[in-house]
1. Is one or more of the residues making up region 71-83 in a helix (DSSP H, G or I), farther than 19 Å from LEU102 by Cβ, in contact with a Leu (Cβ under 9 Å, 6 or more places away or on another chain) and not aromatic (Phe, Trp, Tyr)?
2. Looking at region 28-46, which of the residues that are surrounded by fewer than 21 Cβ atoms within 10 Å (Cβ to Cβ), at pLDDT below 85 and assigned to a helix (DSSP H, G or I) is nearest to the chain's Cα centre (by Cα)?
3. When LEU139 is evaluated against the numbered criteria (1) without any contact (Cβ under 8 Å) to a residue 12 or more places away in the chain; (2) among the aliphatic types (A, V, I, L, M); (3) more than 28 Å from TRP62 (Cα to Cα), which criterion, by number, is the only one it fails?
4. Take the conditions open to solvent by less than 30 Å² (accessible area, probe 1.4 Å), among the aliphatic types (A, V, I, L, M) and under 14 Å from the mean Cα position of the chain (by Cα) and apply them to ALA165. Does it pass?
5. Among the residues of region 62-70, is there at least one that is assigned to a loop (DSSP other than H, G, I, E, B) and open to solvent by 50 Å² or more (accessible area, probe 1.4 Å)?
6. Which members of region 93-134 meet the condition of being open to solvent by less than 60 Å² (accessible area, probe 1.4 Å), within 17 Å of the chain's Cα centre (by Cα) and not β-branched (Val, Ile, Thr)?
7. Quick check on this structure: which one of ALA104, ALA129, ALA57, ALA90 is aliphatic (A, V, I, L, M) and either within 30 Å of THR8 (Cα to Cα) or at pLDDT 85 or above (or both)?
8. Does any residue of region 74-92 turn out to be within 19 Å of PHE23 (Cα to Cα) and of a type outside the set (A, V, I, L, M, F, W, C)?
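The values are calculated or read from the model by the stated rules, or taken from the named source; none is laboratory data. Everything quoted here is computed from the prediction, not taken from an experiment. Cβ sites come from the backbone with ideal geometry, for glycine too, and all protein chains shown count toward neighbours. These area figures cover heavy atoms from the full protein model, side chains too; ligands, DNA and RNA do not enter into them. Shrake-Rupley method; radii C 1.70, N 1.55, O 1.52, S 1.80 Å.
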Amino acid sequence: MDIEFLKTGILEFVQNHRSYAPFVLGLMTFAESLAFVSLLLPTMTILIAAGFVLAAADIPFWQAWAGAVCGAFLGNWLSYEIGQRYKKTAYELWPLSRNPKLIARGESFFQRFGPWAVFLGRFFGPIRAVIALIAGIFLMPQVLFQAANLASASVWAFVILAPGAGLAHYLLW
């Protein structure tokens with residue numbers, strides 16, 4: 001299979017379905033930010049590569065960024081709500097039940113950084129999967145959680161999409 005053929009095919013597909021880009025990125029970042037699911041579907045590499053594809057397909061960066069922010073925000077919010085509702089019983093669900101070290105690291109991280117843990121946790125792979133859940137379990141105030149959640153989702157989405165989008169202009173043209 002020719003790599004040029006593959007590249008052209010992907011680019012044409014994305015260009016033909018450009019209106020779905022924010023929605024698709026939102027679904028991907030939702031999965032990446034949702035407790036339990038993010039342990040099963042590590043989409044970070046795909047999200048970073050998406051920045052290149054978006055730029056090559058002439059999809060406005062800010063539309064894609066907004067979709068990614070919404071998905072990341074909603075994924076963490078749902079994880080927080082699960083933590084508030086089910087408390088430590090949530091730890092017994094698979095795949096968290098098979099990762100007690102991850103839970104211990106997440107709790108330690110949360111205890112150490114408090115509200116900042118929600119912001120910082122989004123940037124650290126496995127911790128991202130549990131920090132919102134832990135914030136809910138430890139009953140972090142909703143307003144404080146949502147402020148940190150929105151701020152971190154906004155910065156994180158920019159950090160994962162911007163490098164590819166910016167480099168694409170230099171590499172593709």
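1. Here is the first cut: in region 71-83, the ones in a helix (DSSP H, G or I) are 71-83.
Right, trim to farther than 19 Å from LEU102 by Cβ and you get 71-74, 77, 81.
Those left that are additionally in contact with a Leu (Cβ under 9 Å, 6 or more places away or on another chain): 71, 73-74.
Now narrow it down to the ones that are not aromatic (Phe, Trp, Tyr): 71, 74.
Scanning region 71-83, I find at least one residue that is in a helix (DSSP H, G or I), farther than 19 Å from LEU102 by Cβ, in contact with a Leu (Cβ under 9 Å, 6 or more places away or on another chain) and not aromatic (Phe, Trp, Tyr), so the answer is yes.
2. Per the criteria, the residue is MET44.
3. So LEU139 meets the others, but not (1).
4. Spelling it out, it is not the case that ALA165 is open to solvent by less than 30 Å² (accessible area, probe 1.4 Å), among the aliphatic types (A, V, I, L, M) and under 14 Å from the mean Cα position of the chain (by Cα).
5. no
6. Of everything in region 93-134, those that are open to solvent by less than 60 Å² (accessible area, probe 1.4 Å), within 17 Å of the chain's Cα centre (by Cα) and not β-branched (Val, Ile, Thr) turn out to be GLY106, ALA117, PHE119, LEU120, GLY121, ARG122, GLY125, ARG128, ALA129, ALA132, LEU133.
7. On the way: ALA104 fails: either within 30 Å of THR8 (Cα to Cα) or at pLDDT 85 or above (or both); ALA129 fails: either within 30 Å of THR8 (Cα to Cα) or at pLDDT 85 or above (or both); ALA90 fails: either within 30 Å of THR8 (Cα to Cα) or at pLDDT 85 or above (or both).
Result of the check over ALA104, ALA129, ALA57, ALA90: ALA57.
8. Checked region 74-92: at least one residue is within 19 Å of PHE23 (Cα to Cα) and of a type outside the set (A, V, I, L, M, F, W, C).
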